[in-house]
1. Taking the conditions exactly as written (more than 17 Å from the chain's Cα centre (by Cα) and either free of Cβ contacts under 8 Å to residues at least 60 places away in the same chain or surrounded by 15 or more Cβ atoms within 10 Å (Cβ to Cβ) (or both)), does residue 61 satisfy them or not?
2. Quick check on my filter: what residues within the range 218-227 are buried (at least 21 other Cβ atoms within 10 Å of the Cβ) and more than 13 Å from the chain's Cα centre (by Cα)?
3. Just need a number here: residues in the range 22-70 that are aliphatic (A, V, I, L, M) and part of a loop (DSSP other than H, G, I, E, B).
4. Cβ-Cβ below 8 Å, separation at least six or inter-chain, first residue in the range 298-321 and more than 18 Å from residue 44 (Cα to Cα) and without any contact (Cβ under 8 Å) to a residue 60 or more places away in the chain, second surrounded by 12 or more Cβ atoms within 10 Å (Cβ to Cβ) and of a type in the set (A, V, I, L, M, F, W, C): which pairs?
5. Kindly indicate the residue of the range 173-188 that is in contact with an Asp or Glu (Cβ under 9 Å, 6 or more places away or on another chain) and farther than 30 Å from residue 309 by Cα and also surrounded by the most Cβ atoms within 10 Å (Cβ to Cβ) among those meeting that condition.
6. Among 174, 150, 196, 203, which is the only one that is out of contact with any Cys (no Cβ under 9 Å at 6 or more places or on another chain), more than 27 Å from residue 41 (Cα to Cα), of a type outside the set (Ser, Thr, Tyr) and at pLDDT below 95?
7. Quick test for you: out of 223, 199, 227, 161, pick the one residue that is over 28 Å from residue 260 (Cβ atoms) and not in a loop (DSSP other than H, G, I, E, B).
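The values are calculated or read from the model by the stated rules, or taken from the named source; none is laboratory data. These numbers were taken from a predicted model, which means no experiment stands behind them. Methodologically, a virtual Cβ is constructed for each residue, glycine included, from the backbone with ideal geometry; neighbour enumeration extends over all protein chains shown.
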Amino acid sequence: MNFLISGCAGFIGYHLSNYLCKKYKNSKIIGFDNLNNYYSVKLKKKRISNLKKNRNFYFSKIDLKDKEKLSQLFKKRKIKIVFHLAAQAGVRDSLKMPKSYFKSNFEGYINIINLSKINKIKKFIFASSSSVYGDQKKFPINEKTKIIPKNIYAATKKVNEEIGEDLSKISNMKVIGLRFFTVYGKYGRPDMFVFKYLESLIKRKNFNLFNKGNHLRDYTHIEDVVEMMDLLIRKKMKKNFEIFNICSNKPIDINKLSLFIAKFVGIKPKLSLQARNQIEVVKTHGDNRKILKFLKYKIKKNIYLELPKIITWYKQNKIWNFKA
């Protein structure tokens, strides 16, 4: 059984690719990425370099918009499972460059899901986002909650879900959308809070804390995430389409988290308390009972136990050197 992973140079794509390479040694793990410069190309290339140490990993530099190259990739490899993780990420930048989000998250998504259907892929598992929920008043949020995206990035993810559901009705392909909440771990994205805050401490720089730090975020460790994604490969589905929250169901106070990180590092933070950014939600708190029951899985990682290991790893590997 061969796997195709789009966005394999990204944070989740990298960890999933590495996990599958080691677990399914008789399978081929085919990854592709356009290696764009939304954040550090150097970091993305480092991830790919690590993946190439696995004999069963194959990498191609392909953009989602290049339908011809994607088609050739499907024809060349006998792929059974597709994990579509490539997308133009980030909430704030979606207002600055909306065309990029449309081309990647809409046109690119249509290309890969249609090719998956044409090539009779068994399962198409794609990344959605908790951002589709927008601002909610009742928590925790479950998959039946009415979604109200409040930015372009979230809107593209909502459309992805709708296209996936529609296509699942006219094919035998199983389609699974994963609403990722905040995922953390080694090799994390440099534009995410933990990395940016840690770097500001190490380099003694000012750090902008929006909404004065009054945010709650539902963090999930990358190892829990990839284990659940692996279980989805083998799990039989009664329905052709499913949506799952991928979260811990334990929102973390950002003010408390920032104090914990600063205390562990032993450096007093230089905080600049900013007003709320209106395109960002104040609180994320997902209900994960559906996915845990479906997979018979239990979340294993606790952020306050895992962060010291991640911070130590960041410092030892001088990960901020990969930011350029």
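1. Working: more than 17 Å from the chain's Cα centre (by Cα): yes; either free of Cβ contacts under 8 Å to residues at least 60 places away in the same chain or surrounded by 15 or more Cβ atoms within 10 Å (Cβ to Cβ) (or both): yes.
Considered against the rule, which asks whether it is more than 17 Å from the chain's Cα centre (by Cα) and either free of Cβ contacts under 8 Å to residues at least 60 places away in the same chain or surrounded by 15 or more Cβ atoms within 10 Å (Cβ to Cβ) (or both), residue 61 comes out as yes.
2. The one that is buried (at least 21 other Cβ atoms within 10 Å of the Cβ) and more than 13 Å from the chain's Cα centre (by Cα): 218.
3. We begin by selecting, within the range 22-70, every residue aliphatic (A, V, I, L, M); these are 29-30, 35, 41, 43, 48, 51, 62, 64, 70.
Restricting the remaining residues to those that are part of a loop (DSSP other than H, G, I, E, B) gives 35, 62, 64.
Residues meeting the conditions: 3.
4. From residues that are more than 18 Å from residue 44 (Cα to Cα) and without any contact (Cβ under 8 Å) to a residue 60 or more places away in the chain, the pairs are 298/292; 304/260; 308/264.
5. Only one residue fits best here, namely 175.
6. Numbers: 174 fails: at pLDDT below 95; 196 fails: more than 27 Å from residue 41 (Cα to Cα); 203 fails: more than 27 Å from residue 41 (Cα to Cα).
Of 174, 150, 196, 203, the one residue that is out of contact with any Cys (no Cβ under 9 Å at 6 or more places or on another chain), more than 27 Å from residue 41 (Cα to Cα), of a type outside the set (Ser, Thr, Tyr) and at pLDDT below 95 is 150.
7. Values: 223 fails: over 28 Å from residue 260 (Cβ atoms); 199 fails: over 28 Å from residue 260 (Cβ atoms); 227 fails: over 28 Å from residue 260 (Cβ atoms).
Result: 161 is the single residue among 223, 199, 227, 161 that is over 28 Å from residue 260 (Cβ atoms) and not in a loop (DSSP other than H, G, I, E, B).
Conditions (1) closer than 27 Å to residue 35 by Cβ; (2) touching an Asp or Glu at 6+ places or on another chain (Cβ under 9 Å); (3) assigned to a strand (DSSP E or B), marked per residue:
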{"residue": "104", "(1), (2), (3)": "yes, yes, no"}
{"residue": "108", "(1), (2), (3)": "yes, yes, no"}
{"residue": "117", "(1), (2), (3)": "yes, no, no"}
{"residue": "146", "(1), (2), (3)": "no, no, no"}
{"residue": "153", "(1), (2), (3)": "yes, yes, no"}
{"residue": "171", "(1), (2), (3)": "no, no, no"}
{"residue": "190", "(1), (2), (3)": "yes, yes, no"}
